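To start, the structure itself, in structure tokens.
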Amino acid sequence: MDDASVWRFLVAALVIRAGWTLYAMGVSRAKHAGSALGRQVMDLCVGLIAFWAVGASIAAYVSSSNSIFGVDPHRLGLWSGQLLPIDALAMGQVIIVGGLVVAAGAERSRGGPLVWVSILLGAVLAPLTLFWSTHGWLSDLGWHGTDLTLHIVSAVGAMLLAWKVGPREGKYHRDGSTSAIPGHNLPLVGAGVFMMLIGWAVFGGGDARMVVSRVLAAAAGGLAVGVFCTIRYAKHDVPLVLVGMLGGLIAASSGQVGRPFFGVIVGATAGVIVVVVLLTIDIRFKLDDPVSVIAIHGIGGLWGALCGSVLVSGTLAVRSQQLGLTVLGAAACALVTAAFIWPVLKLLGPARLRSREAHEFDGLDLVEHDLNAYPDFQQTMIKSYHMREA
């Protein structure tokens, strides 16, 4: 990977992060939109510094005697020299993964404690799982699912955070029913999805045919979900169609689908599966994930990787081996993510993670940042802290 490829890779990751920020803001209610933006910015800053200080030395660690976990002491506090390809790959994952996880606690969690999650993801989890698939024990076994590591870490981290922090007020009721809490700006969500489409098409690497396959997979996912919603609900549900697009895109990226025809098939099936799982998680399991990270990245990424294992060239034995390694790699990434993140969330506890009910009602923009994302629509004047009288 030359210098031009390195920077193209990082730019693609930043485009994904920008699109995700718009998406996370749009699916939030107006009174929480500024908080959603603030958390994305802070996670990016903290995650990258944590990667620079510790994570780079884990991702670039190479040793014939230790393929599980190691730290290269010469790369603590990057950089001592030129940016390496593995640095770009790991940094790209850090740019993306933290924003996915912290957004799962939107509208009802405190921003401060989530910094510890960002540090953990940037310093240890994203670099470690990437190391396993590039130089570590999974690579030694013949598995190189670098894209799937990102999706599994994001999905498991988001699931644990959403579970620990609990649902938003008014989401679930005593009679077992579930209320939809729509975001405040659907056009912002759509703009974010289109930006992520551009970013993911490049971020996954490969030749022009693979880029085309990813774009077609996203289109097929949106189309399949549009048909599914029309049949099931007699309505063209735009938010679900956008989720279907992301599901197809993530599946094709995770599976490294190289043929456009297969991209359409994988994308269409992934879009419908992701939406069905999303509705099941929300309605049946009562797990509140406002940004749908668990379904899009967990289910979509895993489905795409499994399809990619089946579609690889070779004999039935080779395909079976790749399928088994994919399951093993996904399970290993899920377990190590839970092993690191769950103790941190347990230590913080609901009292530190969860905002007060009154704060959630008033909006985290006002409580945490003393601002409003849309001041022209604010009914009361907000005075900055430094201008308030003692």
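A short reminder: the numbers here are calculations on the coordinates, not readings from a lab. Note that the structure is predicted; figures quoted are calculated from it, not measured. Every residue, glycine among them, receives a Cβ derived from its backbone with ideal geometry; neighbour counts consider all protein chains shown.
Let me know the longest stretch in the chain that avoids all trypsin sites (Lys or Arg not before Pro) found in a DSSP loop with at most 15 other C-beta atoms within 10 Å. Here the longest run is 1-173. Spin-label model, Thr230 to Arg284: label points 7 Å out along the Cα-to-beta-carbon direction sit 2.7 nm apart. Going from the fewest other Cβ atoms within 10 Å to the most, the residues Val6, Val165 appear in the order Val6, Val165. Quick check: from the Cα gyration tensor, does region 244-362 come out rounded (a/c under 1.5), prolate or oblate? Since a/c reaches 1.5 but b/c is at least a/b, the shape of region 244-362 is classed as oblate. Taking a span of 18 Å or more along the helix axis (Cα atoms) and a mean Kyte-Doolittle hydropathy of at least -1.0 as the rule, the DSSP H helices of the chain that qualify are 3-26, 33-50, 85-103, 146-165, 186-203, 208-233, 238-255, 260-283, 316-353. Excluding same-chain neighbours fewer than eight residues apart, the lysines reachable from Lys31 by a Cα-Cα span under 19 Å are Lys171, Lys383. Cβ crowding within 10 Å, taken as a proxy for footprinting-reagent exposure, orders Asp362, Asp207 from fewest neighbours to most as Asp207, Asp362.
Once fully extended, how much extra length lies between Ser179 and Asp376, figured as 0.36 nm per residue of separation less the alpha-carbon to alpha-carbon distance? Don't skip to the answer; put the middle values down first.
Numbers: separation 197, 0.36 × 197 = 70.92 nm, distance 2.86 nm.
Here the answer is 68.1 nm.
In straight-distance terms, cross-link reach from Lys164 covers every one of the aspartates and glutamates whose alpha-carbon lies under 12 Å from its own, apart from those fewer than eight places away in the same chain; here that gives Asp288, Asp289. Hydrodynamic analysis of the chain uses the Kirkwood radius over alpha carbon pairs. Inserted into Stokes-Einstein at 4 °C and 1.567 mPa s, it gives a translational diffusion coefficient of 61 µm²/s. At full extension, Val71 and Ala331 could sit 91.3 nm farther apart than now, given 0.36 nm per residue minus the alpha carbon distance.
Comparing Gly170, Gly47, Gly26 in a Gaussian network model of the chain (Cα springs below 10 Å), the most mobile by mean-square fluctuation is Gly170. Based on alpha-carbon atoms, the Kirkwood radius and the radius of gyration of region 1-59 give Rg/Rh equal to 1.09.
The alpha carbon convex hull volume per residue for region 216-311 rounds to 78 Å³.
Taking amide H atoms as placed 1.01 Å from N in the peptide plane, the amide H of Ser109 lies under 5 Å from those of Ser355, each 5 or more residues away in sequence or on another chain.
Note down the magnitude of the dipole of region 70-210 about its Cα centre, charges +1 on Lys and Arg C-beta and -1 on Asp and Glu C-beta and zero elsewhere, to the nearest 20 debye. Working shown, then result.
Numbers: 8 positive and 8 negative charges, 97 e Å.
About 460 debye.
Approximating the spin labels as points 7 Å out from Cα along Cα→Cβ, the Asp140-to-Val238 distance works out to 5.3 nm. Each residue, Ala338 and Leu14, gets one label point 7 Å from its Cα in the Cβ direction; the gap between the two is 3.7 nm.
Fewest to most neighbouring Cβ within 10 Å: what's the order for Cys333, Cys307?
Numbers: Cys333 26, Cys307 22.
The order, fewest Cβ neighbours first, is Cys307, Cys333.
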